[in-house]
Amino acid sequence: MNPVTESVSTLNKHPQNTHGLRSTNNAARLSVSESESEAERLAQFLRANAPVTILTGAGISTASGIPDYRDENGNWKRKQPVQHQEFMQSLDVRRRYWARSLVGWPVMQNAAPNGAHLFIQTLEQQGVVHRVITQNVDRLHQKAGSERTIDLHGRADEVICMSCGERHNRHDWHQVCASLNPHFRNLQADVAPDGDADLEMDFSGFNVPDCQQCEGIMKPDVVFFGDNVPRPRVDECFEAIDQSRALLVIGSSLMVYSGFRFARHASVTGKPLAILTRGRTRADELATLQLSADIGNTLQHTVKYL
């Protein structure tokens, strides 16, 4: 059996994972013939241009139960997420963030990688994928076994002191928050992206713990909107693309410049650019291959052509 096919087959049989690449009557939005056509084109791209670097966005993790920010037209589905300066300057904003996070974070913490993550990990093992750059902070590529992943926007499973750099596991940090705010433990709300929740109430009584070392502000180790990706990390991404023969974007509209610049870099340096996502993207005009298709269905069929 082809190792990629074996990876997907194993996932589909796993009793604890309900987010494999299996097509269902409700989830499959492409006909079999359309999926086959898109998959064959993607497989041809991979065969012709390996090794590739892959850039992933929120669309790759929705099958794992993690919501995304934008619709198929690239528009916001909900209010924009917390801004970096607001978080740093306002205790009220931090109270709201951490209270909602007590509700929303467990969903991200318990999310399992889906078939798309495993597909990429297998291609990485085979040498088809050189590096993975992810805009996501869910660590699902790492959970799937990928060892060459760059977390462009950081990682949500750790918190860091903005003054002294002290780090904590986010699960442990939430235990501290919950112990200080027992009346927030059992609240329920719809899950929002990146460990947030659609919870609106009076947060003024929420106790936000400070850094245990210096009493500084604790923040998830992620790049909030309005902040900058550390330059060494950006340079590492450019280097990954330069060392590859092509760039494949999966599940991102590329509306945020931090991701779009890599698609533009690939185009400017003459490297083929393929995009697999549902709906339009900011880089459609730059793409060598643009597949507006369901990620799960397309990758499920792609394995047959590799």
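State whether the residues of segment 49-63 include one that is in contact (Cβ under 8 Å) with a residue 24 or more places away in the chain, within 22 Å of Glu200 (Cβ to Cβ) and assigned to a loop (DSSP other than H, G, I, E, B).
Within segment 49-63, not a single residue is in contact (Cβ under 8 Å) with a residue 24 or more places away in the chain, within 22 Å of Glu200 (Cβ to Cβ) and assigned to a loop (DSSP other than H, G, I, E, B).
For Gly59, are the conditions met, namely being of a type in the set (Gly, Ala, Ser), surrounded by fewer than 20 Cβ atoms within 10 Å (Cβ to Cβ) and under 24 Å from Ala189 (Cα atoms)?
No, not satisfied.
Got at least one residue in segment 137-148 being touching a helix residue (DSSP H, G or I) at 6+ places or on another chain (Cβ under 7 Å) and part of a helix (DSSP H, G or I)?
Within segment 137-148, one or more residues are touching a helix residue (DSSP H, G or I) at 6+ places or on another chain (Cβ under 7 Å) and part of a helix (DSSP H, G or I).
Working only within segment 150-166, note down all residues that are within 22 Å of the chain's Cα centre (by Cα) and of a type in the set (D, E, K, R).
Asp151, Arg155, Asp157, Glu158
Are any of the residues in segment 113-125 without any contact (Cβ under 8 Å) to a residue 40 or more places away in the chain, hydrophobic (A, V, I, L, M, F, W, C), on the phi < 0 side of the Ramachandran plot and part of a helix (DSSP H, G or I)? Quick ask: steps written out before the conclusion?
Within segment 113-125, the subset without any contact (Cβ under 8 Å) to a residue 40 or more places away in the chain is 124.
Filter again for hydrophobic (A, V, I, L, M, F, W, C), leaving none.
Within segment 113-125, not a single residue is without any contact (Cβ under 8 Å) to a residue 40 or more places away in the chain, hydrophobic (A, V, I, L, M, F, W, C), on the phi < 0 side of the Ramachandran plot and part of a helix (DSSP H, G or I).
Listed here are the residues, each with its yes/no results for (1) in the same structural domain as Ile54 (by TED's automatic domain parsing); (2) at pLDDT 95 or above; (3) under 18 Å from Arg131 (Cβ atoms); (4) touching a Phe, Trp or Tyr at 6+ places or on another chain (Cβ under 9 Å).
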{"position": "Val208", "(1), (2), (3), (4)": "no, yes, no, yes"}
{"position": "Cys211", "(1), (2), (3), (4)": "no, yes, no, no"}
{"position": "Cys214", "(1), (2), (3), (4)": "no, yes, no, no"}
{"position": "Cys237", "(1), (2), (3), (4)": "yes, yes, yes, yes"}
{"position": "Ile275", "(1), (2), (3), (4)": "yes, yes, yes, no"}
{"position": "Arg280", "(1), (2), (3), (4)": "yes, no, no, no"}
{"position": "Ser292", "(1), (2), (3), (4)": "yes, no, no, no"}
{"position": "Thr298", "(1), (2), (3), (4)": "yes, no, no, no"}
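Within the bounds of segment 187-194, is there any residue that is touching a residue at least 60 places away in the same chain (Cβ under 8 Å), at positive phi and outside the structural domain of Leu46 (by TED's automatic domain parsing)?
Step one: list which residues in segment 187-194 are touching a residue at least 60 places away in the same chain (Cβ under 8 Å), which gives 187-189, 191-194.
Filter again for at positive phi, leaving 194.
So of that shortlist, the ones also outside the structural domain of Leu46 (by TED's automatic domain parsing) come out as 194.
Scanning segment 187-194, I find at least one residue that is touching a residue at least 60 places away in the same chain (Cβ under 8 Å), at positive phi and outside the structural domain of Leu46 (by TED's automatic domain parsing), so the answer is yes.
Residue by residue, here is whether (1) over 22 Å from Gln80 (Cα atoms); (2) touching a residue at least 40 places away in the same chain (Cβ under 8 Å); (3) acidic (Asp, Glu) holds:
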{"position": "Asp157", "(1), (2), (3)": "no, yes, yes"}
{"position": "Asn169", "(1), (2), (3)": "yes, no, no"}
{"position": "Trp173", "(1), (2), (3)": "yes, yes, no"}
{"position": "Arg185", "(1), (2), (3)": "yes, yes, no"}
{"position": "Pro209", "(1), (2), (3)": "yes, no, no"}
{"position": "Ile241", "(1), (2), (3)": "yes, yes, no"}
{"position": "Arg245", "(1), (2), (3)": "yes, yes, no"}
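Which residue out of Leu102, Leu21 is at pLDDT below 95, in contact with a Cys (Cβ under 9 Å, 6 or more places away or on another chain) and not charged (D, E, K, R)? So that I can check it myself, show each step before the final result.
Details: Leu21 fails: in contact with a Cys (Cβ under 9 Å, 6 or more places away or on another chain).
Exactly one of Leu102, Leu21 is at pLDDT below 95, in contact with a Cys (Cβ under 9 Å, 6 or more places away or on another chain) and not charged (D, E, K, R), namely Leu102.
Scan segment 184-201 residue by residue and report those that are out of contact with any strand residue (DSSP E or B) (no Cβ under 9 Å at 6 or more places or on another chain), over 10 Å from Ala99 (Cβ atoms) and surrounded by fewer than 19 Cβ atoms within 10 Å (Cβ to Cβ).
Within segment 184-201, Arg185, Asn186, Glu200 qualify.
I'd like to verify a number: residues in segment 126-136 that are touching a Phe, Trp or Tyr at 6+ places or on another chain (Cβ under 9 Å) and either surrounded by fewer than 21 Cβ atoms within 10 Å (Cβ to Cβ) or in a helix (DSSP H, G or I) (or both), how many?
0
The values are calculated or read from the model by the stated rules, or taken from the named source; none is laboratory data. None of these values were measured; they are calculated from a predicted model. As a convention, Cβ positions derive from the backbone with ideal geometry for all residues, glycine included, and neighbour counts pool all protein chains shown.
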